[in-house]
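> Pasting in a structure now, in structure tokens, and then I'll have a few things to ask.
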Amino acid sequence: MFLNEIIIAGFGGQGILSAGRLLAYAGMLEDKRVSFLPSYGPEMRGGTANCMVVISDEDIASPVLNSCSALIVMNSPSLEKFESWVKPGGIIISDSSMVQKKVKRSDIKVFEIPATQLANEFGNKTYSNIYLLGKLIKETGCVKPENFEKALYGILSEKRHYMIPEEMEVLKVGMEY
Amino acid sequence: MGQKLLMKGNEVIAEAAIRAGCRHYFGYPITPQTEIMHYMAKKMPLVGGVFLQAESEVAAINMVYGAASTGKRVMTSSSSPGISLKQEGISYIAGAQLPAVIVNIMRGGPGLGGIQPSQSDYFQATKGGGHGDYRMVVLAPAGVQELYEMTVEAFNISDRYRIMTMILGDGVLGQMMEVVNFRDEEKIEKFDKSWAANGHENAREHNMITSIHLDPAVLEQWNVGFQNKYKLISQNEQRYELYNCEDAEIILVAYGSVSRICKGVIKEAAEQGITLGLVRPVTLFPFPVDAFEKVINTPKAFLTVEMSAGQMVEDVKLTVNGRKPVYFTGRMGGMIPTVNNIMTKVLEIKDNHR
């Protein structure tokens with residue numbers, strides 16, 4: 001069975017919710033069942049954000065997750081909160097320029113990418129989430145890169161479409177990192 | 001081929017209302033349903049409709065009363081504390097027998113409570129939060145596609161019976177995104193609106209829309225009429241889903257987003273060799289008693305799961321009427337029951353009935 005239960009977590013402004021929406025949209029383009037559930041609670045006002053994305057080839061029972069197969073974290077509190085949620089054999093992808101802590105678990109695969117630093121060096125800090133999504137797509141196969149590109153065209157407003165070739169370049173760097 | 005989109009539950013409710021011919025929306029913002037207003041503010045002007053942010057929930061529901069009196073399709077939406085404020089108007093609309101659609105995207109209470117998802121307004125929605133012997137139809141969708149289908153259906157039911165229909169969702173349903181398939185064209189049923197107070201240049205006797213009847217004998221006759229209508233609705237409009245009930249040892253009962261979690265529980269239990277089923281009420285009023293008659297002989301017990309202290313479970317008990325044990329488990333205050341929470345209760349019940 002094809003089932004990806006993904007949690008993406010970090011600060012508001014890091015593109016946490018956009019990352020989730022892009023994945024769900026790309027999943028839809030592959031005729032998968034998808035759900036996307038953003039945090040909307042007081043934590044959003046306090047600056048942290050997370051979202052839960054399910055991409056599956058069967059009907060999705062609940063969009064509310066209590067565990068996940070893949071976790072992307074873009075700050076330390078998110079790693080603390082969600083590390084134990086990852087199922088054995090799952091993966092954690094960490095923005096190592098933002099997350100100082102190390103993953104303690106040994107029954108999962110861990111990928112550290114200094115995404116924020118890479119994005120700053122690239123010249124556009126809003127791309128940090130794309131590096132991490134690249135690794136997620138490579139490791140889980142949850143969506144195909146070409147559908148991720150279509151999702152960018154589908155979600156971004158037209159005046160931002162000029163950025164998409166760059167974002168795809170960044171995605172590939174993330175995939176191969 | 002319709003249109004396939006990835007959309008937020010709240011936005012889908014608003015889009016569905018517009019597709020169903022609703023051209024009048026009155027509301028006041030409150031989390032977690034404000035996207036309904038955002039969408040209406042953007043889209044209503046484009047279709048020649050009215051979007052109005054009222055000065056309060058009380059004003060908004062009275063605007064609904066006014067617009068509904070003219071026979072137009074009208075909607076308001078809010079979340080729990082805002083729906084409490086609307087109760088006086090809701091009772092008046094019930095008394096005046098007006099069709100209208102009200103959306104409640106529930107959050108944790110009582111009082112100002114919190115903004116996380118909850119189902120603790122079940123009593124208020126199904127037993128009358130306002131005064132008087134009234135009912136409204138209460139629909140409980142469990143996903144984004146169903147939010148679309150049932151919002152359209154809510155307007156049809158309201159017009160068919162001249163009654164309010166409430167769409168009872170929660171923060172999860174309002175905030176989540178799923179794929180929705182819109183039909184190319186909505187089949188909008190035509191209804192007799194000869195009762196409406198809508199201007200006729202003295203071509204006929206004027207229509208009167210009111211909820212005041214000071215002669216108790218007259219008021220009783222109105223009430224008898226209301227009760228007959230509610231009986232008719234109970235016969236005609238029960239909706240439910242039976243899931244995996246054929247050989248179920250225990251049948252779960254849940255609506256809305258909790259029913260989705262219960263489907264996860266059923267899968268998990270199957271892996272442990274336990275067969276669970278689900279009765280999912282889709283209409284909360286009328287409560288789908290027929291669903292229980294179909295499965296009553298199958299399980300050892302029923303387990304109702306809610307995001308409340310146990311409200312719907314009372315209707316389950318009334319319906320099962322002592323024929324099988326009825327258990328309850330739930331979370332409150334905006335906490336969502338987990339698969340593990342529910343499995344623990346399932347194992348406990350299994351132990352009681354070995």
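> When the residues of the range B:45-66 are filtered to those that are part of a helix (DSSP H, G or I) and either at positive phi or more than 23 Å from the chain's Cα centre (by Cα) (or both), which remaining residue is surrounded by the fewest Cβ atoms within 10 Å (Cβ to Cβ)?
The selected residue is B:LEU46.
> The conditions are (1) within 14 Å of chain A (Cβ to nearest Cβ); (2) over 13 Å from the mean Cα position of the chain (by Cα), and B:GLY169 fails exactly one of them. Which is it?
(2)
> For the range B:116-155, which residues satisfy the criterion of being under 22 Å from B:ARG280 (Cα atoms) and out of contact with any strand residue (DSSP E or B) (no Cβ under 8 Å at 6 or more places or on another chain)?
Selection gives B:PHE123, B:GLN124, B:LYS127, B:GLY128, B:GLU146, B:GLU149, B:VAL152.
> Between B:ASP184, B:ASP215, B:ASP192, which is away from every other protein chain (no Cβ under 14 Å) and touching a residue at least 40 places away in the same chain (Cβ under 8 Å)?
From the options B:ASP184, B:ASP215, B:ASP192, the qualifying one is B:ASP184.
The rows are residues; the columns are (1) over 13 Å from the mean Cα position of the chain (by Cα); (2) under 30 Å from B:PRO337 (Cα atoms); (3) surrounded by fewer than 17 Cβ atoms within 10 Å (Cβ to Cβ).
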residue	(1), (2), (3)
A:SER69	no, yes, no
A:ILE72	no, yes, no
A:GLY89	yes, yes, yes
A:ILE108	yes, yes, no
A:ILE113	no, no, no
A:LEU118	yes, no, no
A:TYR127	no, no, no
A:LEU132	no, no, no
A:PHE148	no, no, no
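> Restricting the first residue to the range A:132-155 and requiring it to be over 20 Å from A:PHE2 (Cβ atoms), which pairs with a second residue that is not small (Gly, Ala, Ser) and not in a helix (DSSP H, G or I) meet a Cβ separation below 7 Å and a spacing of at least six or different chains?
Correct list of pairs: A:LEU132/A:ILE72; A:LEU132/A:ILE93; A:LEU132/A:ASP95; A:LEU132/A:ILE113.
> Quick one: which of B:GLU306, B:GLU293 is over 29 Å from B:GLY113 (Cβ atoms) and not assigned by TED's automatic domain parsing to the domain that holds B:LEU112?
Within the list B:GLU306, B:GLU293, the selection yields B:GLU293.
> OK, next. Given the criterion in a strand (DSSP E or B), of a type outside the set (S, T, N, Q) and in contact (Cβ under 8 Å) with a residue 24 or more places away in the chain, identify the matching residue among A:ALA119, A:ALA70.
Step by step, each of A:ALA119, A:ALA70 is checked, and only A:ALA70 is in a strand (DSSP E or B), of a type outside the set (S, T, N, Q) and in contact (Cβ under 8 Å) with a residue 24 or more places away in the chain.
> Can you find even one residue in the range B:88-99 that is surrounded by fewer than 22 Cβ atoms within 10 Å (Cβ to Cβ), in contact (Cβ under 8 Å) with a residue 60 or more places away in the chain and under 30 Å from B:VAL305 (Cβ atoms)?
no
> Restricting to the range B:268-294, give me the number of residues that are in contact with a helix residue (DSSP H, G or I) (Cβ under 9 Å, 6 or more places away or on another chain) and surrounded by fewer than 19 Cβ atoms within 10 Å (Cβ to Cβ).
Residues that pass the stated criteria total 6.
> Report, by residue number, each residue of the range A:14-41 that is without any contact (Cβ under 8 Å) to a residue 24 or more places away in the chain and either closer than 23 Å to A:ALA115 by Cα or among the β-branched types (Val, Ile, Thr) (or both).
A:PRO38, A:SER39
> With the requirement that a residue be more than 17 Å from B:TYR327 (Cα to Cα) and not charged (D, E, K, R), what does the range B:246-260 give you?
Across the range B:246-260, the qualifying residues are B:GLY256, B:SER257.
> Same structure, new question: For the range B:73-100, name all the residues that are part of a helix (DSSP H, G or I) and of a type outside the set (Gly, Ala, Ser).
B:PRO81, B:ILE83, B:LEU85, B:GLN87, B:GLU88, B:ILE90, B:TYR92, B:ILE93
> Further question on the same structure: Please tell me if A:GLU80 is away from chain B (no Cβ under 13 Å), more than 14 Å from the chain's Cα centre (by Cα) and either surrounded by fewer than 23 Cβ atoms within 10 Å (Cβ to Cβ) or under 13 Å from A:ASN4 (Cα atoms) (or both).
yes
> To continue, here is another question. Please specify each residue of the range B:218-264 satisfying the condition of being within 14 Å of chain A (Cβ to nearest Cβ) and among the polar types (S, T, N, Q).
B:ASN244, B:SER257, B:SER259
Let's see how each residue does on (1) hydroxyl-bearing (Ser, Thr, Tyr); (2) assigned to a helix (DSSP H, G or I):
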site	(1), (2)
B:ILE251	no, no
B:SER257	yes, yes
B:ILE261	no, yes
B:GLY264	no, yes
B:LYS267	no, yes
B:ARG280	no, no
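The values are calculated or read from the model by the stated rules, or taken from the named source; none is laboratory data. Remember, it's a predicted structure, so these values are computed and weren't measured experimentally. Don't worry about glycine lacking a Cβ; one is built from the backbone with ideal geometry, like all the others, and counts go over all protein chains shown.
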